[in-house]
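To keep things clear, I will list the structure first and then write my remarks on it.
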Amino acid sequence: MEFVANSLEEHWMPFTPNREFKEEPRLVAESKGIYLTDHKGGTVLDGSSGLFCVPAGHGRREIADAVHEQLIKNDYTAPFQMGHPGSFQLAKMVSAITPEPINHVFFTNSGSEAVDTALKICMAYHGACGDHRRQRFVSRERAYHGVNMGGVSLSGMVKNRDIFPVCMPYIVNMRHTWREKDRFNRGQPENGEELANDLQRFCDTYGGHTIAAVFVEPVAGSTGCLVPPKGYLDRLREICDQNGILLVFDEVITGFGRLGTPFAADAFGVTPDIMTMAKALTNGCQPMGAVAVKDEIYDTVVDGAPDGAIEFFHGYTYSGHPAACAAGMAAQKIYRDENLFGRTKELIDHFQNAAYALEDMDIITDIRGYGLMAAFDVKPGAVAGALGPQIQKRLFWNGLHVKFTGDAGILAPQFIATRDNIDEMMDILRRTLTEFS
Ligand SMILES: Cc1ncc(COP(=O)(O)O)c(C=O)c1O
């Protein structure tokens, strides 16, 4: 099954060293269940659920059929001033599993768009409350909130922003939640309040009444599974409540079962005001994101506008696209009918034990994990961040896909994986890391 492309030159690939990749391409020709088939016919276990988005496994016929049928029946409906049944049905399904009172859903086409939409919802809400002083947003170091200008402005990753210097003003970053003393800690580290008090310091410095919202990933995913220390999210919630600040959880990775509960909000028992989501919403089968908000936010914005007026001047040509909604509904049905979030719970201990077993390898300098997600840091080479991608490449040819961010590898198996699949994944990982030791 050798793949012959006429040319790899024209496609400018995202987040990829294009020149290097095109000399040694790694193309996926087929995907089924937890396995991919590369263009040379090799089998690759998908150890990161693609990019955290395919928990029900690749090639789900129910989803493909639903999209096919939808496209035949009604391929596109203009989403402004008209609608189609699917977006209302999917919003109902999503709001059925979001924590109360988060019951209103705005659809986007990606996680990045969800984050930028959430920023605008915060502005619209405070505007509707007549509170125009709240212009400052708080984010965190090592945060990843996508690649649109709002998300980049919130981002705490230097490479994602240093060549894009013109970002949104009035954003301040709290410290990230990785601490030297927590290396190889299992589960949530202790003493999160101290880190969360960064927000209190911002309130003391700028005035809590000038802060519109705080954006955090409950577990920072893309920078390597930074687990919130105990009390951290609760303390953020408390400070937000005391100061009228909106708390936004970016659940683009953690949403839809990754931690064994529908959302991280459930896993940590802290309810935000707004949640962003994407990825597993459609099991990765159609591009789609969403922002879910508390009733009070929806009611305030919608009721605050004059009768007959558009309340929120925002939306995308493909907001709630019929095919994406069909995929979303079929994916949500699979999660429910196959009890996949419950199944995740049964796999978590086995997976976490397997991940932490790497601790004996000299090349590993830290392991962090929660739910069905874990990350390991490899000892950096001469240039920090350069070794990880080399390992990632070797892993692919050895039969395992792992998402790397610099020197951090991030494991996120599919919820349909068996214990044997997880053992196979760890065997390939250990064998490959030994090549670099
Ligand atoms: C927490 C978080 N927010 C936003 C995004 C951006 O999502 P997308 O790549 O779909 O735009 C990601 C992507 O990994 C993410 O992890």
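The values are calculated or read from the model by the stated rules, or taken from the named source; none is laboratory data. Values in this document were obtained by computation on a predicted structure and should not be read as measured data. Every residue, glycine among them, receives a Cβ derived from its backbone with ideal geometry; neighbour counts consider all protein chains shown.
With respect to the conditions (1) under 28 Å from ARG336 (Cα atoms); (2) surrounded by fewer than 22 Cβ atoms within 10 Å (Cβ to Cβ); (3) without any contact (Cβ under 8 Å) to a residue 60 or more places away in the chain, ALA264 lacks only one, and its number is (2).
How many residues does region 224-240 hold that are of a type in the set (Ser, Thr, Tyr) and farther than 14 Å from ARG179 by Cβ?
Adding up the residues that qualify gives 0.
Residues of region 206-235 that are within 13 Å of ALA143 (Cβ to Cβ) and more than 16 Å from the ligand (Cβ to nearest atom): none at all. There is no residue in region 376-392 that is closer than 22 Å to PRO262 by Cβ, modelled with pLDDT of 95 or more and crowded, with 18+ Cβ neighbours inside 10 Å.
Checked against the criterion of being under 23 Å from ALA265 (Cβ atoms) and modelled with pLDDT of 95 or more, the candidates GLU69, GLU141 yield just one match: GLU141.
With the condition kept exactly as written, say whether any residue in region 289-303 is of a type in the set (Lys, Arg) and at pLDDT 95 or above. Yes. The C-beta contact set for region 110-133 (first residue touching a residue at least 40 places away in the same chain (Cβ under 8 Å) and polar (S, T, N, Q), second residue surrounded by fewer than 22 Cβ atoms within 10 Å (Cβ to Cβ) and not in a helix (DSSP H, G or I), distance under 8 angstrom, 6+ apart or interchain) comprises SER110/PRO287; SER112/VAL147; SER112/ASN148; THR117/HIS314. Report, by residue number, each residue of region 97-135 that is under 30 Å from GLY406 (Cα atoms) and either among the charged types (D, E, K, R) or surrounded by 24 or more Cβ atoms within 10 Å (Cβ to Cβ) (or both). Residues satisfying the conditions are THR108, GLY111, GLU113, ALA114, VAL115, ASP116, THR117, ALA118, LEU119. Beta carbons closer than 9 Å, at least 6 apart along the sequence or on distinct chains, pair a first residue in region 230-242 that is farther than 18 Å from ILE274 by Cβ with a second that is crowded, with 22+ Cβ neighbours inside 10 Å and of a type in the set (Phe, Trp, Tyr) for TYR232/PHE268.
Residue-wise test of (1) part of a loop (DSSP other than H, G, I, E, B); (2) outside the structural domain of VAL219 (by TED's automatic domain parsing); (3) over 22 Å from PRO287 (Cβ atoms); (4) without any contact (Cβ under 8 Å) to a residue 24 or more places away in the chain.
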| site | (1), (2), (3), (4) |
| --- | --- |
| SER7 | yes, yes, yes, yes |
| LYS22 | no, yes, yes, yes |
| LEU45 | no, yes, yes, no |
| ILE72 | no, no, no, yes |
| GLN81 | yes, no, yes, yes |
| SER87 | no, no, no, no |
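Being crowded, with 20+ Cβ neighbours inside 10 Å, of a type in the set (Phe, Trp, Tyr) and either in the same structural domain as GLY231 (by TED's automatic domain parsing) or in contact with a helix residue (DSSP H, G or I) (Cβ under 7 Å, 6 or more places away or on another chain) (or both) is a description that does not apply to TYR318. Listed by position, the strands (runs of 3 or more DSSP E) contained in region 340-431 that have at least 2 residues being among the hydroxyl-bearing types (Ser, Thr, Tyr) are 364-370.
With respect to the conditions (1) modelled with pLDDT of 95 or more; (2) touching a Lys or Arg at 6+ places or on another chain (Cβ under 9 Å), THR344 lacks only one, and its number is (1).
Candidates ILE310, ILE334: the one that is out of contact with any Pro (no Cβ under 7 Å at 6 or more places or on another chain), in a loop (DSSP other than H, G, I, E, B) and either closer than 30 Å to GLY231 by Cβ or at pLDDT 95 or above (or both) is ILE310. The criterion of being touching a residue at least 40 places away in the same chain (Cβ under 8 Å), touching a helix residue (DSSP H, G or I) at 6+ places or on another chain (Cβ under 6 Å) and more than 16 Å from the ligand (Cβ to nearest atom) does not hold for GLY289.
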